[in-house]
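K.L.:
Dropping a structure here in structure tokens format, bear with me for questions.
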Amino acid sequence: MKELLKAVFLVDLIKGLAVTFRNQKPSLIYTEQYPKERPLVAERYRGAPRLNVHPDTDETLCIACNLCALACPEQLIVVGAERNKETRRKELTTFTYDVSRCMFCGLCEDACPVDALELTQDFELASYTREGAIWDRQMLEEGPLPTEYKH
Amino acid sequence: MATSTTFLDTNELVLNMGPQHPSTHGVLRVILKLDGEKVMGADCVIGYLHRGVEKIAENRTYQQFAPYVDRMDYVAAVSNGLGYCLAVETLGGIEVPERAQCVRVILTELNRIASHLLWLGTHALDIGAMTPVFYCFREREEVLKIFEKYCGARLTTHAFRIGGLQYETYDTFEKDCHAFCDWFEKKVDEYEELLTTNRIWVGRTKGVGILDAEACKTYGVTGPVLRAAGVEWDLRKAQPYCGYEKYDFDIPTCANGDTYDRYIVRMQEFRQSVRIIRQAVDSLPEGPIKGRVSKVFKPPIGEAYESIEAPKGELGYYVVSDGSTQPYRLRVRPPSFVNLQALDEMCRGCLVADVVAIIGTIDIVLGEVDR
Amino acid sequence: MEEILDNPYLQPIIATLLIVAVFPLVAGYMVLAERKVLADLQVRLGPMRVGPYGFLQPLADAFKLMLKEDIIPAASDKWIFWGAPVLSTFTALTAFAVIPFSDKFYVADVNIGILFILAMSSLGILGLILGGWSSNSKYSLLGALRSAAQMVSYEVPLGFTTVTALMVAETLSMQGIVQSQLDKGVWIAFSNYGLMLVPAVVFIIAAVAETNRAPFDLPEAESEIVAGFHTEYSGFRWALFFLAEYASIFVICGIAVTVFFGGWLRPFANVGFLETPLNVAFPILLFVVIGAGCALGAVRVTLAYEKAIMGVLALAMFLVAGLFAIPMINELIIGFFWFLFKVLIFIYVFIWVRGTFPRFRYDQLMQVGWKYLIPISMGGLIVNGIVLLFTS
């Protein structure tokens, strides 16, 4: 009997309507206004790659060991090095990183023995050309400079 | 049949559903033979998302291939990673530390929730309920935030490495998991209020796409679809891995094997996953997170097969080693691909609208079907 | 001049021009309202980028649709493909002719008003069927056939419940129906010892189905048959279908309000002491609150032109509130206010229902129509008839 009455008075449907009505509370709105409000990504976020430099001397931390290039599943890192005649150490000359093929797996960052290569919190990597997605050493050290929209 | 006595010659209408169709969950193409709106047969055409993942594996080292498996079932990337890591660890005889196993359980169960949430949202959307999808994505976002904080990626996480984990848990990991569990349980109640008793929902799902236990076994269908047909089969209980035997949980089953039962089974699995996460977080042991794996990992010559209970069913990895750093052959047993075979059997005799509901209820991801 | 002013056709012509000119804009803002309300139900924000809080979105949409490439499929029946949306829009807008917006503002008060509206709304379906059929696409065809079957089954309960209400009102003229509710002192939905509530509910359900709204939106079920009858339509032709859909929603809500819920009458129209609080205080308060909301929005938005728009809106709202305070103008517009207010409530309910329920399946739709709604509406007709016979 109770079931029948429930069916006649559409209790199941009204329950559903109540759920959606409850969720109308403005404080429950979950949307982020992306270009207006920039999202806060996590500390460990694996975004744009960066080649770290020494904060005081501005010299690169990279020792040109080529481990990142070996670890990369897509083989998109090319490390250029030159042996310094005086110190007998390898020194970094060029470093290219093809962001367009990168899947941000983090293996290069894990492989780096000196914390020179790092995936950072920058996530806006769009460029107008395909070539623009191939980052050279300068770009990797400076990081991307995305346009910020004001409204 | 078509003789001179019939005035109207009736033909089957062949309707090409997909690969560009709003509710084929990606790029599935189904060729439907229709009599009016009644489905007489459904042929699946797959391969639009084929990337040759198994072949790629032969040209990558074992560690390098790990991020690729995330891209098969991209809504349950963590489960994929777990299956692959387990297979390679068996192959190489690597011991995984307790703590790593426990974190793996937490993350895979969170991922099960995320995957089921995506299923619920899109399934409800297919059936015409617009709102659950937004609620589900809100909850899924919270799971993804935990992933992001843990390993730095949201979808294709690459959370596990061969031998254990790469990342130690972050400071508020336990707190976040508990907070999510408490919050999420209330949200599951909300979905149930919105759908479980709703007469339109029940009408659309009850008795639709029935696949009984016998047919499930014939097709090799696993996962919630099998459990909805009344077979209590869950690899987490049947052949426990990753220390699942330590946790107390039930295998939800139903009897009829229709779309509604599959819905009920998955709703119950939400609650069971929450139970497992709570237990695992509370019993998280201290210790190392990675076993002993050499940087140049060369497993001995041999082969290994490991399967896990992914959100969609049995996910198996078969790896053959020739002693080098790269697998000689890798084969995946994807649950979506196997489950999709049953589509024709489930669709026969129902209406076009039901086909959409049935595709939704199998819970396929085309990345995994096509690989 | 006198001659022109006394001409009996003057008011209808002005009203017609006003409706035809204004309704497309109204439909645009109905779409915006729908998107905003749906977004609100779904914990989203809805359109926010065009203008302050997305307020200029309808204009941007209309502009975009007008600029879109005009595509007619090669295999379609061109003239019918061209004519179908025109037919739909035409009939939907024609139905406005007999809607009593207020005791002063209406195009015509025909003595068969309700019949005219029902006829027009069933003719509108022809547009959908022709559009679906002439597209020469399988999805469109399925959508068109679905809409044909749906209309046939849901016109019947719609008709039965309307007849029940007409029995109580004892007239077919739309103005007459409202007048009879004023005379009786009770809205038809609550008359006959509350028995009329059953036909009222059935009418609303059938109205949702008649306008192809969720959960009865089978002709355009996007997850099954892509977009149903308008799969092949794009650009402004598609916009015309949209316009027709929203016009018919407005019309059917207008009928529901007129026939069952007192039309332009205020609630408790015969209770004298409620005159001032409901007819003066309520609208003033409502518009002041909306105006305050706009003013708050003007403070919140950052860009200068957005601030200006919100500010002007706020001022306009305060101005309208002021108008309601002037007794002479109040008398003119209060009926219109109550009619729109009720219609908007109905439209909100339509959107709310759309945001909550899953879609029916084709056979279930037929079942609901033939097995539940038609018997219930027939029963309602008989029971209410008997009650009327013994009470009058």
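The values are calculated or read from the model by the stated rules, or taken from the named source; none is laboratory data. Here the structure is a predicted model, which is why all the values come from computation and not from measurement. A quick note on method: Cβ atoms are made from the backbone with ideal geometry, for glycine too, and the neighbour counts reach across all protein chains shown. Quick note on the areas: whole protein, heavy atoms, side chains included, nothing else; ligands and nucleic acids left out. Shrake-Rupley method; radii C 1.70, N 1.55, O 1.52, S 1.80 Å.
K.L.:
Which of C:114, B:66, B:165 sits farthest toward the positive end of the charge dipole of the protein assembly as shown, with +1 on the Cβ of Lys and Arg and -1 on the Cβ of Asp and Glu?
P.N.:
B:165
K.L.:
Continuing with the same structure: Under a GNM of chain C (C-alpha, springs under 10 Å), which listed residue has the highest mean-square fluctuation: C:358, C:52, C:85?
P.N.:
Among C:358, C:52, C:85, the largest mean-square fluctuation in the Gaussian network model of chain C belongs to C:358.
K.L.:
Can you bin region A:30-74 into rounded, prolate or oblate? Criterion: square roots of the alpha carbon gyration tensor eigenvalues sorted a ≥ b ≥ c, rounded for a/c under 1.5, prolate for a/b above b/c, oblate for the rest.
P.N.:
Oblate.
K.L.:
Which distance in Å, rounded to a whole number, links the C-alpha centroids of region C:52-120 and region C:333-392?
P.N.:
Distance between centres, Cα-based: 23 Å.
K.L.:
Additional query: Pull up all non-local amide H partners of residue A:117: gap of 5 or more, or a different chain, and H-to-H distance under 5 Å with H placed in the peptide plane.
P.N.:
Sorted by chain and number, the residues that satisfy this are A:52.
K.L.:
Mind ranking B:110, C:340 by accessible surface for me, highest first, 1.4 Å probe?
P.N.:
Reading off the accessible areas and sorting them downward yields C:340, B:110.
K.L.:
Could I ask something else about it? Using a 1.4 Å probe on protein heavy atoms only, how many Å² of accessible area do C and B hide from each other, summed over both chains and rounded to 100?
P.N.:
2600 Å²
K.L.:
Follow-up. Taking θ = phi - 60°, what integer Hz values does the Karplus form 6.51 cos²θ - 1.76 cosθ + 1.60 yield along region C:154-164, in sequence order, with x for Gly and Pro?
P.N.:
My calculation for region C:154-164 gives 8, 5, 5, x, 4, x, 4, 5, 5, 4, 4 Hz in order.
K.L.:
Counting pairs of alpha carbon atoms under 8 Å apart in space and at least six apart in sequence, what relative contact order in percent does chain C give? Before the final figure, lay out each step's value.
P.N.:
Working: 562 pairs, mean separation 86.1, N = 392.
Once divided by the residue count of chain C, the mean separation gives 22 percent.
K.L.:
What percent does the relative contact order of chain A come to when contacts are Cα pairs within less than 8 Å and at least six residues apart? Before the final figure, lay out each step's value.
P.N.:
Working: 191 pairs, mean separation 42.4, N = 151.
Computed over chain A, the figure is 28 percent.
K.L.:
When chain A is treated as a GNM, springs tying every alpha-carbon pair under 10 Å, which of A:141, A:109, A:131 comes out with the largest mean-square fluctuation?
P.N.:
A:131
K.L.:
Suppose every K and R has +1 on its Cβ and every D and E has -1 on its Cβ; what is the size of the dipole of chain B about the Cα centre, in Debye to the nearest 20?
P.N.:
Around 860 debye, computed over chain B.
K.L.:
Can you find, among B:134, B:115, B:147, the residue sitting farthest towards the positive end of the charge dipole of region B:112-164, where Lys and Arg contribute +1 and Asp and Glu -1 at Cβ?
P.N.:
Ranked along the dipole, the leading option is B:147.
K.L.:
Could you rank the peptides C:256-266, B:316-326 by their average count of other C-beta atoms within 10 Å per residue, with the highest value first? Don't jump to the answer; show the numbers that get you there.
P.N.:
Details: C:256-266: 25.4, B:316-326: 17.4.
Ranking, from highest mean packing down: C:256-266, B:316-326.
K.L.:
Right, something else. How much FRET efficiency would the formula 1/(1 + (r/R0)^6) give for residue A:18 and residue C:371, where r is the Cβ-Cβ distance and R0 is 35 Å, rounded to 0.05?
P.N.:
0.80
K.L.:
Would region B:1-129 count as rounded, prolate or oblate if I go by the C-alpha gyration tensor, calling it rounded below 1.5 in a/c and otherwise prolate when a/b exceeds b/c, oblate otherwise?
P.N.:
Details: a/c = 3.86, a/b = 2.36, b/c = 1.64.
In terms of gyration-tensor shape, prolate.
K.L.:
What figure in square angstrom, to the nearest 10, would you give for the accessible area of residue C:271 with a 1.4 Å probe?
P.N.:
Its accessible surface works out to 50 Å², give or take rounding.
K.L.:
Please report the carbon-and-sulfur percent of the accessible area for region C:236-392; probe 1.4 Å, protein heavy atoms only, DNA, RNA and ligands left out.
P.N.:
Roughly 81 percent of what the probe reaches on region C:236-392 is carbon or sulfur.
K.L.:
Express in whole angstrom the spacing between the alpha-carbon centres of region B:263-316 and region C:136-192.
P.N.:
59 Å
K.L.:
Do any residues of region C:125-164 lose at least 20 Å² of accessible area when the full set of protein chains is present rather than just their chain alone, and if so which, with a 1.4 Å probe?
P.N.:
Buried-area filter returns C:138, C:139, C:142, C:146.
K.L.:
Which residues of region B:167-198 bury at least 30 Å² of accessible area once all protein chains are present, versus their chain alone (1.4 Å probe)?
P.N.:
Flagged in region B:167-198: B:167, B:190, B:193, B:194, B:197, B:198.
K.L.:
Quick one: 3J(HN,Hα) in Hz for region B:205-211, Karplus 6.51/-1.76/1.60 with θ = phi - 60°, rounded, Gly and Pro as x.
P.N.:
In residue order, the calculated couplings are 10, 5, x, 9, x, 6, 9 Hz.
K.L.:
Rounded to the nearest 500 deg cm²/dmol, what is the calculated helix-only ellipticity per residue at 222 nm for chain C, with -39500 (n - 2.57) per DSSP H run of length n ≥ 4?
P.N.:
Result for chain C, helices only: -23000 deg cm²/dmol.
K.L.:
How crowded by other chains is B:330-337, given as the mean number of beta carbons from other chains within 10 Å of each beta carbon?
P.N.:
0
K.L.:
Taking H placed 1.01 Å from N in the peptide plane, check which residues at least 5 places from residue B:333 or on another chain put their amide H under 5 Å from its amide H.
P.N.:
HN-HN under 5 Å from residue B:333: B:316, B:317, B:318.
K.L.:
Okay, helix-only estimate at 222 nm for chain A: each DSSP H run of n ≥ 4 adds -39500 (n - 2.57), divide by all residues, round to 500 deg cm²/dmol; what do you get?
P.N.:
That calculation yields -6000 deg cm²/dmol at 222 nm.
K.L.:
For labels at residue C:21 and residue B:11 in the simple 7 Å Cα→Cβ model, what's the distance in nm?
P.N.:
5.3 nm
K.L.:
Still on this structure, please answer the following. Given a 1.4 Å probe and the protein chains all in place, what does the accessible area of residue B:25 round to, in Å² to the nearest 10?
P.N.:
For residue B:25, solvent-accessible area is about 40 Å².
K.L.:
Which residues' amide hydrogens lie under 5 Å from the amide hydrogen of residue B:165, considering only partners 5 or more residues apart or on another chain, with H built in the peptide plane?
P.N.:
B:290, B:291
K.L.:
Rounded to the nearest 5, what % of the DSSP beta bridges within region B:10-370 are antiparallel ones?
P.N.:
100 percent
K.L.:
So if I take the centroid of the Cα atoms in region B:324-366 and the same for region B:142-193, what is the distance between those two points in Å?
P.N.:
When both Cα centres are located, 27 Å separates them.
K.L.:
Let me ask something additional. How much of the accessible area of region B:10-370, in percent, comes from carbon and sulfur atoms when a 1.4 Å probe is used?
P.N.:
Numbers: 6160 of 12010 Å².
Solvent-exposed carbon and sulfur of region B:10-370 make up 51 percent of the total.
K.L.:
Let me ask something additional. Keeping all protein chains in place and using 1.4 angstrom, which order do C:103, C:6, B:176 fall into by accessible surface area, from largest down?
P.N.:
C:6, C:103, B:176
K.L.:
Need one value: the accessible area of residue B:184 in square angstrom, 1.4 angstrom probe, rounded to the nearest 10.
P.N.:
The value for residue B:184 is about 0 Å².
K.L.:
Okay, next question. Sequence gap at least 6, Cα distance under 8 Å: using those rules, report the relative contact order of region B:1-151 to the nearest whole percent.
P.N.:
12 percent
K.L.:
Between residue C:72 and residue A:129, what FRET efficiency comes out of the Förster formula 1/(1 + (r/R0)^6) with R0 = 45 Å and r the beta carbon distance, rounded to 0.05?
P.N.:
It comes to 0.75.
K.L.:
Ordering A:8, C:201, B:352 from largest to smallest accessible area (1.4 angstrom probe), what's the sequence?
P.N.:
A:8, C:201, B:352
K.L.:
Oh, and also: Taking chain C as a Gaussian network, Cα atoms linked when under 10 Å apart, which of C:145, C:130, C:315 shows the biggest mean-square fluctuation?
P.N.:
Maximum fluctuation in the GNM of chain C, among the listed residues, is at C:315.
K.L.:
Rolling a 1.4 angstrom probe over the protein heavy atoms, how many square angstrom per residue are accessible across the protein assembly as shown?
P.N.:
44 Å²
K.L.:
Tell me the total accessible area that B and A bury against each other, 1.4 angstrom probe, in square angstrom rounded to 100.
P.N.:
Adding both sides of the contact gives about 2700 Å².
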